[in-house]
1. Just to check your reading of the model, which residue among TYR439, TYR453 is touching a strand residue (DSSP E or B) at 6+ places or on another chain (Cβ under 6 Å), open to solvent by less than 20 Å² (accessible area, probe 1.4 Å) and not assigned by TED's automatic domain parsing to the domain that holds ILE45?
2. Quick check on ILE329: is it open to solvent by 10 Å² or more (accessible area, probe 1.4 Å) and under 22 Å from SER419 (Cβ atoms)?
3. If a residue has to be under 15 Å from ILE114 (Cβ atoms), in contact with a Gly (Cβ under 9 Å, 6 or more places away or on another chain) and open to solvent by less than 10 Å² (accessible area, probe 1.4 Å) to count, how many in region 32-42 make the cut?
4. I'm told SER121 meets every condition in (1) surrounded by 14 or more Cβ atoms within 10 Å (Cβ to Cβ); (2) part of a loop (DSSP other than H, G, I, E, B) except one. Can you identify the failing condition by its number?
5. Only residues that are within 21 Å of ALA184 (Cα to Cα), open to solvent by 10 Å² or more (accessible area, probe 1.4 Å) and part of a loop (DSSP other than H, G, I, E, B): list them for region 298-326, please.
6. So which helices (runs of 4 or more DSSP H) stay within region 424-506 end to end and still have 3 or more residues that are more than 27 Å from LEU34 (Cα to Cα) and over 19 Å from the mean Cα position of the chain (by Cα)?
7. Taking the residues in region 213-255 that are of a type in the set (Phe, Trp, Tyr) and within 30 Å of LEU460 (Cα to Cα) as candidates, determine which candidate is farthest from the chain's Cα centre (by Cα).
8. Output the residue which, of all residues in region 332-352 that are within 19 Å of the chain's Cα centre (by Cα) and acidic (Asp, Glu), is surrounded by the fewest Cβ atoms within 10 Å (Cβ to Cβ).
Amino acid sequence: MTSKYGGYMGKIIEIDLSSRTTREYPWSDRERELFIGGKIMAMKILGDNLTGTEQPLSDENIIVIATGPLTGTGAPSSSRFDISTLSPQTGIMTSSNCGGTFGYYMKKAGYDAIILRGKCSEHTWLEINNSSFVFHNADDLWGLNCTPCQDKLIEKMNEIRGCRAKFGKLCIGPGGENLVKYAAVISDERAAGRTGIGSVFGYKNLKAVTISGNHEIPIFDEEKTRAWTQKWFRYLKSHPLTGNQLPRLGTAGLVSSMQMRSILATKNYNFGQYEHFDKVNGELLAEEFNIVNKGCLTCPIKCARTVNVEGKEVKGPELEILGLLGGGILNPDLYSILKWNNELDELGLDTISASSTLAWAMEANEKGLWDNGLNFGETENISQIWDDIAHRRGIGDELAEGSKRLSAKYGGEEFAIQSKGLELAAYEPRHAVGQGLGYAVSNRGGCHLNGGYLVILEGLGLNTDSLTPHAKADFTMMFQNLMEMISATGQCLFTSYAFFPGFLITRPNGIVTKTANAVLPYLGWAIRIANKCPEIMAVHLPVFHHTKMMKYAVGMNMTFGKYIRCGERGYTLERYVSTRFGVSSKDDTLPKRLTDVPQDPNNPKTRVPLEVMKKTYYKARGWDKNGIPTERTLKKLKII
């Protein structure tokens, strides 16, 4: 169905893998206004098709690959696409966001979203070119790691086209083929990494998808879009976070800041500081190992690192892997982390869940719960462990299940650092309690981004009181809604880093910055009003360029308040659909190590006061005491 709006291709295609048939899925402009695109669009489709009786690894589960309206428009960092499904890791609804070029080529093929149903009868790779859909046998790709698989796809496509083909691609590695609970989908060097989406592809016998086309991506007002894009690029390049820290050090630059603030997960979150942090931080990575910075399509930030591993130039590690495979397992060798990061990507495994599951296993061995031969600080056999996980050999078969299932079998639930079955990122929340709340209530499980990333207020951007629960629930809701919408439009969440005026970052001891840090914990009431009545923010904020880009490129009148409301609708919709699969307040938890044991034995405040913040959070969101969206809230948000 065509659209009056720019940015949209006006078509969603539904592909039945079992029958190898396709049909257009109806989608109206009204639905585009309410559910925008990306993960919100995908969740609406999933909600309309899943009843709550489906199993993640079944023919009945569906996959939705979705772009946002800004994908391919040239807007800064707008190459993102989303993959959503029912997660085999958490058992509830999930989405995973990815960069690279696949989303752009999906738009060029003429599609805003692709719905995958059923199951291929044999190992398959799917070739999409405009309205052509070809199912190829993938026996020669099955078993390959991700780079060899993508290299073969390039050879095949060049042969098919008779020239150097231009197309987007995604694939799974052995981890997905062997149904590892935290298997990823890889596209070029980027990963839709979390919650086991790769194993859903593996169950469906779908090794890879290539996509291409020659459609033009419509822009509502090309002249104003071009001018606003140039202005936004300049703003991002001038901001201290997006123009200096991220380009210079990438996310790896956060290691030192996290160490300083006692939020660097160490020895499976026993501690918040690692004595050898300077051997695995971003500064050392930049000085001794980084070859060149890279970025996704239309990205001025270029946060990705390129490093040399065994004679090959490969993607370098980000903050999470440096933290979790550095201090997390007491490993001071940076080169080994570069090597493991590449191995995990090649095998198609989520680096965060693999790392945290390994750390749990080391502690379980240390405590005598599971004799597995793994020890903190001993790293000689780690590469073999990754390969064993991906191929489900030996103890790798058990490690492939993740820390929640392992702790249910062997004990040690109190130090299985996960929420809803998804392992946490490297931010230790006992010195950033708002981040702890976010981990617990995050729709997809222990995700720092879906949790709202409140740590940016608690030390990694501003420096508010990181131990107080005051206002944390209200800020968490606002940040979650904001980031939900950024993802839905097809943009990278790093563009939100520039939301804070630059002087607050560059002048941490200035009177304005100190005042802001002191006052913010007492503004919960004001943030609550803004969350409940975002219509009062019917403005375009000068530090937030996203709203005008939606106006110019798409043609939607999108004030900051409406932007926040759309994000709230998406976030609540995802929760609502997951309640069909049993999610409730009982699942919004953290391990007792984080809620009951102070990080600093001399300071009882250094633990996450989760239950207090959860009550405030549910009330702010209009969810009942069981964490279920009320009928009134669902109607207000036009979900039902």
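1. Details: TYR453 fails: touching a strand residue (DSSP E or B) at 6+ places or on another chain (Cβ under 6 Å).
Only one candidate passes the filter, namely TYR439.
2. In short, no.
3. As a first pass, look at region 32-42 and keep what is under 15 Å from ILE114 (Cβ atoms): 37-39, 41-42.
This time we only want the ones that are in contact with a Gly (Cβ under 9 Å, 6 or more places away or on another chain), so: 37-39, 41.
Narrowing the set further to residues that are open to solvent by less than 10 Å² (accessible area, probe 1.4 Å) leaves 37-38, 41.
Matching residues across region 32-42 total 3.
4. The single condition SER121 does not satisfy is (1).
5. Those that are within 21 Å of ALA184 (Cα to Cα), open to solvent by 10 Å² or more (accessible area, probe 1.4 Å) and part of a loop (DSSP other than H, G, I, E, B): CYS303, GLU318.
6. On the way: elements: 433-441, 472-489, 502-506.
So the answer is 502-506.
7. TRP228
8. Among residues in region 332-352 that are within 19 Å of the chain's Cα centre (by Cα) and acidic (Asp, Glu), the one surrounded by the fewest Cβ atoms within 10 Å (Cβ to Cβ) is GLU346.
The values are calculated or read from the model by the stated rules, or taken from the named source; none is laboratory data. Owing to the predicted nature of the structure, the values given are computational and were not obtained by experimental measurement. Cβ atoms come from the backbone with ideal geometry, glycine included; neighbour counts cover every protein chain shown. Side chains included, ligands, DNA and RNA excluded: accessible areas come from the protein's heavy atoms. Shrake-Rupley method; radii C 1.70, N 1.55, O 1.52, S 1.80 Å.
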